[in-house]
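We did not get these values from a lab; they are worked out from the coordinates using the rules stated. Not measured: the values here are computed from a predicted model. Ideal geometry is used to build each Cβ from the backbone, glycine not excepted, and the neighbour counts take in all protein chains shown.
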Amino acid sequence: MAFSADELRVLRRALANALHPAPLPDDDVQDCLRLAGSVDEVAGEAGRLRAFLLADLARYRDALPGSATGYLELLQDALAAGYDPRPEDLAALRLQRCRPVAAALLERCQVLAERSVRARLAGRAVPATAPAPRSRLLALPGGRAAAAEPERPKTPPAPPRPVPTPERPAPKPSEVFPPRRPAPPAPPAQQRAAG
């Protein structure tokens with residue numbers, strides 16, 4: 001959430017008043033109420049955005065395999081925001097595991113799903129399944145998380161398992177792209193008379 005300069009000024013005054021209580025002028029009270037309304041509006045918009053992203057993720061999942069790239073990107077964003085993978089996500093990733101990104105996501109989702117099931121069985125609260133709004137802020141390398149985890153040597157990924165064939169086989173290229181029609185014959189070249 002980003003604040004404008006005026007909103008920061010209002011927030012600073014409200015925090016100063018919270019630390020040192022004193023009666024506020026009516027203008028300051030109105031500014032604080034407007035800021036609170038703006039924050040509430042942003043929170044409501046974030047909820048609507050989460051619902052949209054979940055619906056978008058479901059649409060991409062339903063359109064697989066043609067939407068695999070978009071689905072995998074949305075699922076990665078959702079997982080980064082705390083999304084709890086559903087059984088439909090695991091099934092879709094199993095069908096796409098021939099792709100390296102999907103195979104890595106499948107492993108990650110299986111761990112998250114197992115953790116979620118264990119938490120539910122233990123009676124603990126499970127994080128909400130709605131992803132937070134997508135943001136382009138990324139963690140900086142070399143932070144506390146990097147210092148806490150020793151770097152492991154990278155191992156090559158296991159060869160992909162054969163994907164079960166669907167009921168309808170994949171179309172042949174000749175079915176998808178019709179044969180080209182021959183170009184009309186070119187008119188004979190005219191010969192010039194030497195003169």
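Maximal additional length on extending the Ser174-Val39 stretch stands at 43.0 nm, based on 0.36 nm per residue less the C-alpha distance. Normalised size of the stretch 1-44, defined as Cα radius of gyration per 2.2 N^0.38 Å with N residues, equals 1.15.
Simple spin-label estimate for Leu49 and Gln110 gives 3.4 nm between the two label positions (7 Å along the Cα-to-Cβ direction from each Cα).
For the stretch 38-120, the gyration tensor built on C-alpha atoms gives an oblate shape. Its axis ratio a/c (a ≥ b ≥ c) is at least 1.5, and a/b is not larger than b/c. For Arg120 and Ser4, what does the FRET efficiency come to when R0 = 35 Å and r is the distance between their Cβ atoms, rounded to the nearest 0.05? The value I calculate is 0.25.
Take the Cα of Ala14, step 7 Å toward its Cβ, do the same at Asp27, and the gap between the two points is 1.8 nm.
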